[in-house]
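Following: one structure in structure tokens, then a few remarks.
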Amino acid sequence: ELPQFLVNLNSPTGRVSFLKMSVTLQLRDAEAVGVMDANKPRIVDTFNTYLRELRPGDIQGSAGIYRLRNELLTRINSTIEEGIAKDILFGEIIVQ
């Protein structure tokens with residue numbers, strides 16, 4: 001599990017919007033857990049940087065959540081090691 005994320009979303013109208021999200025990573029094997037723990041600050045930074053550029057409309061509906069999952073999965077695998085994360089499971093997603 002990664003720490004909970006709470007970020008301001010990019011809003012062109014100036015209206016303040018937040019994203020609160022908790023995620024669990026499904027990894028390829030037990031050895032990957034140590035690699036992920038050692039790189040957790042890098043992962044959190046990568047996610048925060050990406051999430052802050054999102055607009056509220058980017059994550060609306062099931063298609064938006066699907067794109068978010070794919071983007072985060074791509075970013076984690078390119079940041080740490082290709083194929084280390086198999087899936088991202090959302091525990092909570094709140095956009096306000």
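The values are calculated or read from the model by the stated rules, or taken from the named source; none is laboratory data. Predicted model, so just to flag it, every value in this text is computed and none were measured. Methodologically, a virtual Cβ is constructed for each residue, glycine included, from the backbone with ideal geometry; neighbour enumeration extends over all protein chains shown. Just so you know, the surface numbers come from the protein's heavy atoms only, side chains and all, with ligands and any DNA or RNA stripped out. Shrake-Rupley method; radii C 1.70, N 1.55, O 1.52, S 1.80 Å.
Taken per residue, the accessible surface of the chain reaches 60 Å², heavy atoms only and a 1.4 Å probe.
Could you work out how far helix 40-51 tilts from the main Cα principal axis of the chain, as a 0 to 90 degree angle to the nearest 10? Helix 40-51 sits roughly 30 degrees off the main axis of the chain. The mean sequence separation of alpha-carbon pairs under 8 Å and at least six residues apart, normalised by the residue count of the chain, gives a relative contact order of 42 percent.
If you run the Gaussian network model on the chain, springs between alpha carbon atoms under 10 Å, then out of SER17, SER62, SER78 the most flexible one is SER62. Solvent-accessible surface of protein heavy atoms, probed at 1.4 angstrom with all chains present, puts PHE18, PHE47 in the order PHE18, PHE47, largest first. Here, the stretch 22-65 is characterised by an Rg to Rh ratio of 1.08, where Rg is the alpha-carbon radius of gyration and Rh the Kirkwood radius. Legend: residues ARG15, ARG69, sorted from most to least accessible area (1.4 Å probe; ligands, DNA and RNA excluded), read ARG15, ARG69.
Pairs of C-alpha atoms in the stretch 47-96 farther apart than 14 Å represent 55 percent of all such pairs.
Ordering PHE90, VAL16, VAL33 by Cα displacement along the dipole of the chain toward the positive end leaves VAL16 in first place; charges were set at the Cβ atoms of Lys, Arg (+1) and Asp, Glu (-1).
Which GluC sites (Glu not before Pro) does the stretch 1-53 hold that lie in a coil by DSSP with at most 15 other beta carbons within 10 Å? Could you put the intermediate results ahead of the total?
On the way: sites: GLU1, GLU31, GLU53; in loops: GLU1, GLU53.
Counting only loop positions with at most 15 other Cβ atoms within 10 Å, the GluC sites (Glu not before Pro) in the stretch 1-53 are GLU1, GLU53.
In the chain, the longest principal axis of the Cα atoms and the axis of helix 61-79 are about 40 degrees apart.
From the protein chains alone at 1.4 Å, what is the descending order of accessible area for LEU73, LEU89, LEU19, largest first? Don't jump to the answer; show the numbers that get you there.
On the way: LEU73 30, LEU89 80, LEU19 0 Å².
The most accessible residue leads, giving LEU89, LEU73, LEU19.
A straight line joining the Cα centroids of the stretch 55-75 and the stretch 1-51 runs 13 Å. Extension gain for the segment TYR50 to GLU92, taken as residue separation times 0.36 nm less the Cα-Cα distance, is 13.3 nm to one decimal. Carbon-plus-sulfur accessible fraction, the stretch 23-87 (probe radius 1.4 Å, protein heavy atoms only): 46%. The Cα-based radius of gyration and maximum Cα-Cα distance (Dmax) for the chain are 13.5, 45 Å. Taking 0.36 nm per residue of separation and subtracting the current Cα-Cα distance, fully stretching the chain between ASN10 and GLN60 would add 16.6 nm.
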